[in-house]
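Read the structure below first, then the notes.
The values are calculated or read from the model by the stated rules, or taken from the named source; none is laboratory data. This is a predicted model, so every value here is computed, not measured. Neighbour counts run over all protein chains shown; Cβ positions are idealised from the backbone, glycine included.
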2 protein chains.
Amino acid sequence: MSKPEEKRTAPPAQPCCPALTERELTAEEAETTAAMFKALGDPVRLRLFSKVASHPDREACVCDIADVGVSQPTVSHHLKKLKEAGLLVSERRGTWVYYRVEPSVLAAMGTLLAVPAAA
Amino acid sequence: MSKPEEKRTAPPAQPCCPALTERELTAEEAETTAAMFKALGDPVRLRLFSKVASHPDREACVCDIADVGVSQPTVSHHLKKLKEAGLLVSERRGTWVYYRVEPSVLAAMGTLLAVPAAA
DNA sequence: TGTGAACATAGACGTATGTCGAAGCCAGAG
DNA sequence: CTCTGGCTTCGACATACGTCTATGTTCACA
């Protein structure tokens, strides 16, 4: 524990993987992808994400979404996690900070869960 | 039509939700839905799930998927979690136990992440 | 320049989670 | 019945996680 490990703030948002039903994921793919699912795996984070995602232009000021039943620092903490997972990006505009969803990542996850018509 | 359902600690997520971009989730919806994402939020579990999902007929014997770098009891533990989340169902056939994906749940999650063309 | 508002960071604390080895259960073969 | 192989459960442990309060930082405006 010596060097400050830097967390990814840039989206890994590649066409990361095929549909889960197509072929099994490699250990590496699983690591990356699981991180995204994990980010949405908390009720508070999921609500925050859906609040941002359902806002006009899919972006929202923190002050507009902060009412989720936990303290303000906790909200900030969760938004940071979502950002680190590449699901949101943030931008400061004067007094306020806006969070916006990364559509490519959303699409990638959708693809991952796509289930072919074959039954 | 209706067959005896097995016990789950997490309720089925059939009617669970609209797309995340459509409207914000209620606290209750978020709770249910987050549980599913959480289940896929671990690399080992995600690999196990993709192994089952990519097998013929989307089902596989434990012995076919157990090679994910952790001990066998740990594999069993993770499969149980996936089952509790409603993502897999299991069935014993003689000596072996088979796990199968629940397609409806997969589809529900896909819908959740669907991104409208609203750009 | 000072003050207040909006967010972020730091540190602490209790609980949940992932992992293992050992032991238990169940079904098939002798 | 006994033995053996496949899988689950049990008990224990270290770490990660979510939450809080207190404190920082950055901006707008008088």
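Exactly one residue out of B:34, B:108, B:53 is among the small types (Gly, Ala, Ser) and in contact with a strand residue (DSSP E or B) (Cβ under 7 Å, 6 or more places away or on another chain): that is B:53.
Quick check on the range A:18-41: of everything there that is in a loop (DSSP other than H, G, I, E, B) and surrounded by fewer than 20 Cβ atoms within 10 Å (Cβ to Cβ), which residue is modelled with the lowest pLDDT? Quick ask: steps written out before the conclusion?
Taking the range A:18-41 and keeping what is in a loop (DSSP other than H, G, I, E, B), we get A:18-26, A:40-41.
Okay, now just the ones that are also surrounded by fewer than 20 Cβ atoms within 10 Å (Cβ to Cβ), so A:18-19, A:22-23, A:26.
Working: A:18: 80, A:19: 84, A:22: 83, A:23: 87, A:26: 92.
The qualifying residue modelled with the lowest pLDDT is A:18.
Number of residues in the range A:70-99 that are under 16 Å from the mean Cα position of the chain (by Cα), away from chain B (no Cβ under 12 Å) and among the charged types (D, E, K, R) equals 4.
Could you tell me which of the residues B:107, B:60, B:117 is at pLDDT below 95 and either surrounded by fewer than 12 Cβ atoms within 10 Å (Cβ to Cβ) or farther than 28 Å from residue B:31 by Cα (or both)?
Details: B:107 fails: either surrounded by fewer than 12 Cβ atoms within 10 Å (Cβ to Cβ) or farther than 28 Å from residue B:31 by Cα (or both); B:60 fails: at pLDDT below 95.
Selected residue: B:117, the only one of B:107, B:60, B:117 that is at pLDDT below 95 and either surrounded by fewer than 12 Cβ atoms within 10 Å (Cβ to Cβ) or farther than 28 Å from residue B:31 by Cα (or both).
Each residue in the range B:46-69 was checked for being on the phi < 0 side of the Ramachandran plot, within 11 Å of another protein chain (Cβ to nearest Cβ) and part of a loop (DSSP other than H, G, I, E, B), and 4 of them qualify.
Filtering the range B:70-119 to residues that are over 13 Å from residue B:49 (Cβ atoms), more than 15 Å from DNA strand C (Cβ to nearest atom) and part of a loop (DSSP other than H, G, I, E, B) leaves B:114, B:115, B:116, B:117, B:118, B:119.
Summed over the range B:76-92, residues that are more than 9 Å from DNA strand D (Cβ to nearest atom) and under 12 Å from residue B:59 (Cβ atoms) total 3.
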